[in-house]
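The values are calculated or read from the model by the stated rules, or taken from the named source; none is laboratory data. Worth saying up front: this structure is predicted, and the values here are computed from it rather than measured. Glycine also receives a Cβ, built like all others from the backbone with ideal geometry; neighbour counts cover every protein chain displayed.
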Amino acid sequence: MKKKISPILCGLMLAGVAAGQDFSTGKRQSVTFEPPPITAVYRGRPNTVELQFRINSGYHINSNQPKQEYLRKTELKMDPPTDIAIEKVSYPAGEDRSFPFAPEEKINVYTGDFAVNVTVRPLKTVLPAKYAVHGTLKYQACDNAACYPPKQLAVSFEVKVLKAPAPKKRNPAQSPPPHG
Amino acid sequence: MKRDPVILIVIAVVISLMLAFGIQKSRHTPVQQSGAGQLQGQAAPDFALTSIDGKTVKLSDFRGKAVLLNFWATWCEPCKIEMPWFVELQKQYGPQGLQVLGIAMDDSGVKEIGDFAKKMNVNYPIVIGKESVGDQYGGIPYLPSTFYIDRDGKVIDRIFGLVSRSEIESDIQKALASSGQVAHK
(Lines give C-alpha, C1' and ligand atoms only; values in the text may rest on other atoms or scores of the structure.)
Protein backbone atom coordinates (compact mmCIF):
# COMPACT_ATOMS: atom_id res chain seq x y z
CA MET A 1 0.00 0.00 0.00
CA LYS A 2 2.83 2.37 0.93
CA LYS A 3 4.60 1.67 -2.39
CA LYS A 4 1.46 2.63 -4.32
CA ILE A 5 0.76 5.78 -2.33
CA SER A 6 4.26 7.33 -2.49
CA PRO A 7 4.37 7.92 -6.29
CA ILE A 8 0.77 9.12 -6.24
CA LEU A 9 1.52 11.49 -3.40
CA CYS A 10 4.63 12.81 -5.17
CA GLY A 11 2.71 13.28 -8.40
CA LEU A 12 -0.08 15.16 -6.72
CA MET A 13 2.33 17.38 -4.81
CA LEU A 14 4.23 18.18 -7.98
CA ALA A 15 0.95 19.03 -9.68
CA GLY A 16 0.15 21.37 -6.81
CA VAL A 17 3.51 23.09 -7.08
CA ALA A 18 3.14 23.39 -10.86
CA ALA A 19 -0.31 24.92 -10.48
CA GLY A 20 1.05 27.39 -7.95
CA GLN A 21 3.86 28.36 -10.31
CA ASP A 22 1.40 28.85 -13.12
CA PHE A 23 -0.48 31.38 -11.02
CA SER A 24 2.68 33.23 -10.15
CA THR A 25 4.16 33.59 -13.65
CA GLY A 26 1.57 36.28 -14.44
CA LYS A 27 1.65 35.53 -18.14
CA ARG A 28 -2.15 35.55 -18.46
CA GLN A 29 -3.40 37.41 -21.55
CA SER A 30 -5.48 40.45 -20.67
CA VAL A 31 -7.63 40.20 -23.85
CA THR A 32 -8.61 37.08 -25.79
CA PHE A 33 -10.54 36.53 -29.00
CA GLU A 34 -12.88 33.72 -29.96
CA PRO A 35 -13.29 33.36 -33.74
CA PRO A 36 -16.93 33.24 -34.79
CA PRO A 37 -18.32 30.33 -36.79
CA ILE A 38 -18.17 30.68 -40.57
CA THR A 39 -20.60 33.40 -41.60
CA ALA A 40 -22.59 33.27 -44.83
CA VAL A 41 -22.36 36.59 -46.66
CA TYR A 42 -23.92 37.69 -49.94
CA ARG A 43 -21.84 39.30 -52.62
CA GLY A 44 -22.77 42.82 -53.55
CA ARG A 45 -24.48 43.34 -50.19
CA PRO A 46 -23.38 44.57 -46.77
CA ASN A 47 -23.13 41.77 -44.19
CA THR A 48 -22.31 42.13 -40.51
CA VAL A 49 -19.96 39.81 -38.66
CA GLU A 50 -19.80 40.06 -34.87
CA LEU A 51 -16.36 39.58 -33.29
CA GLN A 52 -16.36 38.65 -29.61
CA PHE A 53 -13.57 39.67 -27.27
CA ARG A 54 -13.04 38.93 -23.61
CA ILE A 55 -11.12 41.10 -21.17
CA ASN A 56 -9.93 38.98 -18.29
CA SER A 57 -11.03 39.75 -14.77
CA GLY A 58 -8.97 42.45 -13.07
CA TYR A 59 -8.12 44.26 -16.30
CA HIS A 60 -9.72 47.02 -18.33
CA ILE A 61 -8.86 48.51 -21.69
CA ASN A 62 -9.54 51.99 -23.04
CA SER A 63 -12.62 52.18 -25.24
CA ASN A 64 -12.55 53.30 -28.85
CA GLN A 65 -13.44 56.81 -27.64
CA PRO A 66 -11.31 57.54 -24.55
CA LYS A 67 -11.94 60.90 -22.95
CA GLN A 68 -8.29 61.69 -22.30
CA GLU A 69 -6.27 62.52 -25.40
CA TYR A 70 -3.16 60.66 -24.31
CA LEU A 71 -4.86 57.35 -23.78
CA ARG A 72 -4.45 54.66 -26.44
CA LYS A 73 -7.84 53.81 -27.89
CA THR A 74 -8.96 50.31 -28.77
CA GLU A 75 -8.98 49.95 -32.52
CA LEU A 76 -9.61 47.12 -34.95
CA LYS A 77 -7.73 47.20 -38.24
CA MET A 78 -8.75 44.64 -40.86
CA ASP A 79 -6.69 43.44 -43.83
CA PRO A 80 -9.30 41.76 -46.05
CA PRO A 81 -8.80 39.83 -49.29
CA THR A 82 -8.87 41.93 -52.44
CA ASP A 83 -12.50 41.29 -53.41
CA ILE A 84 -14.00 41.77 -49.96
CA ALA A 85 -14.38 45.33 -48.74
CA ILE A 86 -14.66 46.34 -45.12
CA GLU A 87 -17.42 48.94 -45.14
CA LYS A 88 -17.55 49.71 -41.46
CA VAL A 89 -16.22 48.76 -38.04
CA SER A 90 -18.64 49.47 -35.19
CA TYR A 91 -17.49 49.62 -31.61
CA PRO A 92 -19.60 49.35 -28.46
CA ALA A 93 -20.00 52.30 -26.15
CA GLY A 94 -17.53 52.23 -23.29
CA GLU A 95 -18.35 52.57 -19.64
CA ASP A 96 -17.26 55.56 -17.58
CA ARG A 97 -15.48 54.22 -14.54
CA SER A 98 -13.13 55.48 -11.89
CA PHE A 99 -10.30 53.39 -10.50
CA PRO A 100 -8.38 53.33 -7.20
CA PHE A 101 -5.43 55.08 -8.84
CA ALA A 102 -7.65 58.03 -9.85
CA PRO A 103 -10.88 57.92 -7.83
CA GLU A 104 -12.00 61.38 -8.94
CA GLU A 105 -11.44 60.82 -12.65
CA LYS A 106 -13.70 58.89 -15.03
CA ILE A 107 -12.08 56.81 -17.74
CA ASN A 108 -14.12 55.37 -20.63
CA VAL A 109 -13.26 51.68 -20.74
CA TYR A 110 -14.27 48.20 -21.79
CA THR A 111 -14.38 45.42 -19.24
CA GLY A 112 -15.54 41.83 -19.42
CA ASP A 113 -16.95 40.77 -22.80
CA PHE A 114 -17.43 43.15 -25.69
CA ALA A 115 -18.22 42.81 -29.37
CA VAL A 116 -16.99 44.71 -32.39
CA ASN A 117 -19.15 44.48 -35.54
CA VAL A 118 -17.47 44.36 -38.92
CA THR A 119 -19.56 45.09 -42.02
CA VAL A 120 -18.16 43.30 -45.05
CA ARG A 121 -19.27 43.70 -48.64
CA PRO A 122 -17.96 41.12 -51.12
CA LEU A 123 -17.81 42.48 -54.64
CA LYS A 124 -20.55 41.29 -57.01
CA THR A 125 -17.92 39.63 -59.14
CA VAL A 126 -16.20 37.64 -56.38
CA LEU A 127 -16.23 33.89 -56.76
CA PRO A 128 -18.56 32.17 -54.26
CA ALA A 129 -16.20 30.39 -51.86
CA LYS A 130 -14.82 30.51 -48.32
CA TYR A 131 -12.52 33.39 -47.52
CA ALA A 132 -10.46 34.20 -44.45
CA VAL A 133 -10.37 37.79 -43.24
CA HIS A 134 -7.47 38.80 -41.01
CA GLY A 135 -6.88 41.82 -38.82
CA THR A 136 -5.45 43.17 -35.60
CA LEU A 137 -7.04 44.56 -32.47
CA LYS A 138 -4.86 47.28 -30.96
CA TYR A 139 -5.48 47.90 -27.28
CA GLN A 140 -3.86 49.01 -24.08
CA ALA A 141 -4.74 47.38 -20.77
CA CYS A 142 -4.42 48.37 -17.14
CA ASP A 143 -5.29 46.82 -13.83
CA ASN A 144 -6.00 48.75 -10.63
CA ALA A 145 -2.45 49.94 -10.10
CA ALA A 146 -0.44 49.66 -13.29
CA CYS A 147 -0.69 49.81 -17.06
CA TYR A 148 0.71 47.43 -19.65
CA PRO A 149 2.27 48.51 -22.93
CA PRO A 150 -0.04 48.80 -25.95
CA LYS A 151 -0.54 45.41 -27.57
CA GLN A 152 -1.85 43.89 -30.76
CA LEU A 153 -4.08 40.83 -30.87
CA ALA A 154 -4.39 38.85 -34.09
CA VAL A 155 -8.01 38.55 -35.24
CA SER A 156 -9.46 36.43 -38.03
CA PHE A 157 -12.78 35.08 -39.20
CA GLU A 158 -14.07 33.10 -42.16
CA VAL A 159 -16.90 34.03 -44.49
CA LYS A 160 -18.68 31.90 -47.05
CA VAL A 161 -19.53 34.14 -49.98
CA LEU A 162 -22.80 33.25 -51.67
CA LYS A 163 -24.54 34.59 -54.75
CA ALA A 164 -27.17 37.07 -53.75
CA PRO A 165 -30.59 35.42 -54.00
CA ALA A 166 -32.67 36.51 -57.00
CA PRO A 167 -35.25 39.13 -56.11
CA LYS A 168 -38.76 37.69 -55.65
CA LYS A 169 -41.13 38.29 -58.55
CA ARG A 170 -44.26 40.14 -57.50
CA ASN A 171 -47.49 38.81 -59.01
CA PRO A 172 -49.62 41.49 -60.66
CA ALA A 173 -52.71 42.51 -58.66
CA GLN A 174 -55.68 40.30 -59.46
CA SER A 175 -58.73 41.92 -60.95
CA PRO A 176 -61.84 41.67 -58.74
CA PRO A 177 -64.22 38.77 -59.48
CA PRO A 178 -67.10 39.66 -61.79
CA HIS A 179 -70.40 40.39 -60.03
CA GLY A 180 -73.45 38.51 -60.83
CA MET B 1 -7.60 0.21 5.84
CA LYS B 2 -8.21 2.72 8.67
CA ARG B 3 -5.24 4.85 7.56
CA ASP B 4 -6.40 5.33 3.94
CA PRO B 5 -8.91 8.18 4.50
CA VAL B 6 -6.37 9.95 6.73
CA ILE B 7 -3.75 9.82 3.98
CA LEU B 8 -6.23 11.17 1.44
CA ILE B 9 -7.12 14.03 3.75
CA VAL B 10 -3.45 14.85 4.28
CA ILE B 11 -2.83 14.84 0.52
CA ALA B 12 -5.81 17.13 -0.07
CA VAL B 13 -4.67 19.56 2.64
CA VAL B 14 -1.09 19.68 1.29
CA ILE B 15 -2.25 20.37 -2.26
CA SER B 16 -4.70 23.02 -1.08
CA LEU B 17 -1.96 24.75 0.90
CA MET B 18 0.37 24.70 -2.12
CA LEU B 19 -2.26 26.15 -4.42
CA ALA B 20 -3.16 28.81 -1.88
CA PHE B 21 0.52 29.72 -1.52
CA GLY B 22 0.87 29.98 -5.29
CA ILE B 23 -2.17 32.21 -5.62
CA GLN B 24 -1.04 34.39 -2.72
CA LYS B 25 2.46 34.70 -4.18
CA SER B 26 1.10 35.73 -7.57
CA ARG B 27 -0.78 38.66 -6.00
CA HIS B 28 2.34 40.10 -4.43
CA THR B 29 4.94 39.16 -6.98
CA PRO B 30 5.08 41.26 -10.11
CA VAL B 31 6.00 39.70 -13.41
CA GLN B 32 9.72 39.31 -13.96
CA GLN B 33 10.41 40.32 -10.40
CA SER B 34 13.38 37.97 -10.47
CA GLY B 35 15.16 40.18 -13.01
CA ALA B 36 14.58 43.42 -11.14
CA GLY B 37 14.93 41.66 -7.80
CA GLN B 38 18.49 40.67 -8.65
CA LEU B 39 19.34 44.38 -8.89
CA GLN B 40 18.52 45.07 -5.28
CA GLY B 41 21.73 45.87 -3.43
CA GLN B 42 23.62 45.96 -6.71
CA ALA B 43 24.98 48.88 -8.69
CA ALA B 44 22.28 50.51 -10.79
CA PRO B 45 23.12 49.92 -14.48
CA ASP B 46 24.40 53.10 -16.05
CA PHE B 47 22.85 54.38 -19.25
CA ALA B 48 23.00 57.38 -21.57
CA LEU B 49 19.68 58.60 -22.95
CA THR B 50 18.51 61.74 -24.73
CA SER B 51 16.37 64.21 -22.84
CA ILE B 52 13.31 65.90 -24.28
CA ASP B 53 15.43 69.01 -24.82
CA GLY B 54 18.04 67.13 -26.80
CA LYS B 55 20.76 66.71 -24.16
CA THR B 56 22.51 63.44 -23.30
CA VAL B 57 21.78 62.40 -19.73
CA LYS B 58 23.68 59.64 -17.94
CA LEU B 59 22.68 58.05 -14.65
CA SER B 60 26.30 58.41 -13.51
CA ASP B 61 25.89 62.20 -13.86
CA PHE B 62 23.97 62.02 -10.59
CA ARG B 63 26.48 60.02 -8.52
CA GLY B 64 26.49 61.45 -5.01
CA LYS B 65 22.76 62.09 -5.16
CA ALA B 66 19.87 59.81 -4.27
CA VAL B 67 18.03 59.04 -7.51
CA LEU B 68 14.37 58.20 -7.97
CA LEU B 69 14.35 56.53 -11.39
CA ASN B 70 10.80 56.42 -12.75
CA PHE B 71 9.77 54.50 -15.88
CA TRP B 72 6.49 55.95 -17.19
CA ALA B 73 4.48 56.68 -20.36
CA THR B 74 1.92 59.22 -21.55
CA TRP B 75 -0.65 56.45 -21.90
CA CYS B 76 -0.26 55.37 -18.29
CA GLU B 77 -3.02 56.78 -16.09
CA PRO B 78 -1.48 55.73 -12.75
CA CYS B 79 1.75 57.46 -13.85
CA LYS B 80 -0.15 60.74 -14.09
CA ILE B 81 -1.21 60.37 -10.46
CA GLU B 82 2.30 60.08 -9.08
CA MET B 83 4.01 62.64 -11.32
CA PRO B 84 2.67 65.65 -9.38
CA TRP B 85 3.94 63.93 -6.21
CA PHE B 86 7.39 63.61 -7.79
CA VAL B 87 7.29 67.33 -8.64
CA GLU B 88 6.52 68.21 -5.01
CA LEU B 89 9.07 65.76 -3.61
CA GLN B 90 11.77 67.04 -5.98
CA LYS B 91 11.19 70.55 -4.60
CA GLN B 92 11.12 69.33 -1.01
CA TYR B 93 14.09 66.92 -1.07
CA GLY B 94 16.15 68.37 -3.90
CA PRO B 95 18.19 70.53 -1.51
CA GLN B 96 19.01 67.36 0.47
CA GLY B 97 20.35 65.62 -2.64
CA LEU B 98 17.35 63.97 -4.29
CA GLN B 99 17.22 63.76 -8.07
CA VAL B 100 14.09 62.48 -9.78
CA LEU B 101 14.68 61.19 -13.31
CA GLY B 102 11.81 60.20 -15.59
CA ILE B 103 12.30 57.66 -18.39
CA ALA B 104 9.49 57.85 -20.95
CA MET B 105 8.80 54.36 -22.32
CA ASP B 106 6.53 55.78 -24.94
CA ASP B 107 5.78 55.31 -28.60
CA SER B 108 4.78 58.96 -28.76
CA GLY B 109 7.07 61.52 -30.35
CA VAL B 110 9.50 63.70 -28.39
CA LYS B 111 7.27 66.75 -28.86
CA GLU B 112 4.23 64.94 -27.46
CA ILE B 113 6.19 63.70 -24.46
CA GLY B 114 7.61 67.19 -23.93
CA ASP B 115 4.17 68.79 -24.14
CA PHE B 116 2.85 66.25 -21.66
CA ALA B 117 5.71 66.92 -19.22
CA LYS B 118 5.16 70.66 -19.53
CA LYS B 119 1.46 70.22 -18.82
CA MET B 120 2.34 68.24 -15.69
CA ASN B 121 4.79 71.01 -14.60
CA VAL B 122 7.60 68.48 -14.41
CA ASN B 123 10.69 69.98 -12.74
CA TYR B 124 13.07 67.09 -13.29
CA PRO B 125 14.79 65.62 -16.36
CA ILE B 126 12.72 63.50 -18.72
CA VAL B 127 14.63 61.23 -21.06
CA ILE B 128 13.39 59.12 -23.96
CA GLY B 129 13.60 55.49 -22.90
CA LYS B 130 14.75 52.45 -24.83
CA GLU B 131 13.78 48.83 -24.39
CA SER B 132 17.46 47.97 -23.87
CA VAL B 133 17.56 50.19 -20.78
CA GLY B 134 14.38 48.58 -19.48
CA ASP B 135 16.05 45.19 -20.00
CA GLN B 136 19.08 46.38 -18.00
CA TYR B 137 16.69 46.95 -15.11
CA GLY B 138 15.29 43.44 -15.30
CA GLY B 139 12.56 44.18 -17.82
CA ILE B 140 9.76 46.68 -17.34
CA PRO B 141 6.57 44.63 -17.70
CA TYR B 142 4.21 47.44 -16.73
CA LEU B 143 4.17 51.04 -15.67
CA PRO B 144 4.85 52.88 -13.51
CA SER B 145 8.03 51.16 -12.37
CA THR B 146 10.32 53.04 -9.99
CA PHE B 147 13.82 52.31 -8.74
CA TYR B 148 15.40 54.00 -5.72
CA ILE B 149 19.17 54.46 -5.99
CA ASP B 150 21.39 55.61 -3.14
CA ARG B 151 24.23 58.13 -3.30
CA ASP B 152 26.72 55.39 -4.10
CA GLY B 153 24.70 54.28 -7.09
CA LYS B 154 23.22 51.12 -5.53
CA VAL B 155 19.58 50.07 -6.02
CA ILE B 156 17.95 49.97 -2.60
CA ASP B 157 14.37 49.34 -3.67
CA ARG B 158 12.12 48.93 -6.67
CA ILE B 159 8.37 49.42 -6.87
CA PHE B 160 6.06 48.16 -9.63
CA GLY B 161 2.73 49.91 -10.01
CA LEU B 162 1.25 52.88 -8.20
CA VAL B 163 1.82 53.16 -4.46
CA SER B 164 0.91 55.86 -1.96
CA ARG B 165 2.74 59.16 -1.68
CA SER B 166 3.86 58.26 1.83
CA GLU B 167 5.50 55.04 0.61
CA ILE B 168 7.32 56.99 -2.08
CA GLU B 169 8.49 59.54 0.47
CA SER B 170 9.65 56.80 2.80
CA ASP B 171 11.78 55.26 0.05
CA ILE B 172 13.22 58.66 -0.83
CA GLN B 173 14.27 59.18 2.78
CA LYS B 174 15.92 55.74 2.82
CA ALA B 175 17.80 56.51 -0.40
CA LEU B 176 18.98 59.85 1.00
CA ALA B 177 20.06 58.29 4.26
CA SER B 178 21.68 55.11 2.97
CA SER B 179 25.14 54.92 1.60
CA GLY B 180 26.26 51.53 0.26
CA GLN B 181 23.76 49.74 2.52
CA VAL B 182 21.09 47.33 1.31
CA ALA B 183 17.52 47.97 2.42
CA HIS B 184 15.79 44.73 3.32
CA LYS B 185 12.02 44.36 3.40
Which of the strands (runs of 3 or more DSSP E) contained wholly in segment A:38-112 include at least 1 residues that are among the charged types (D, E, K, R)?
-> A:47-55, A:75-79, A:84-90, A:95-99, A:102-110
Which one is nearest to the chain's Cα centre (by Cα), of the residues in segment B:49-98 that are without any contact (Cβ under 8 Å) to a residue 40 or more places away in the chain and within 13 Å of another protein chain (Cβ to nearest Cβ)?
-> B:83
Can you tell me which residue within segment B:27-50, out of those that are crowded, with 17+ Cβ neighbours inside 10 Å and modelled with pLDDT of 95 or more, is farthest from residue B:131 (Cα to Cα)?
-> B:44
State whether one or more residues within segment A:103-117 are under 23 Å from the mean Cα position of the chain (by Cα) and under 27 Å from residue B:131 (Cβ atoms).
-> yes
Breaking point among (1) without any contact (Cβ under 8 Å) to a residue 40 or more places away in the chain; (2) more than 14 Å from every other protein chain (Cβ to nearest Cβ), for residue A:155 | (1)
Of all the residues that make up segment A:93-115, how many are touching a residue at least 60 places away in the same chain (Cβ under 8 Å) and either touching a Gly at 6+ places or on another chain (Cβ under 6 Å) or surrounded by 15 or more Cβ atoms within 10 Å (Cβ to Cβ) (or both)?
-> 1
Residues that are surrounded by 17 or more Cβ atoms within 10 Å (Cβ to Cβ) and among the polar types (S, T, N, Q): find the helices (runs of 4 or more DSSP H) completely inside segment B:85-185 holding 3 or more of those.
-> none
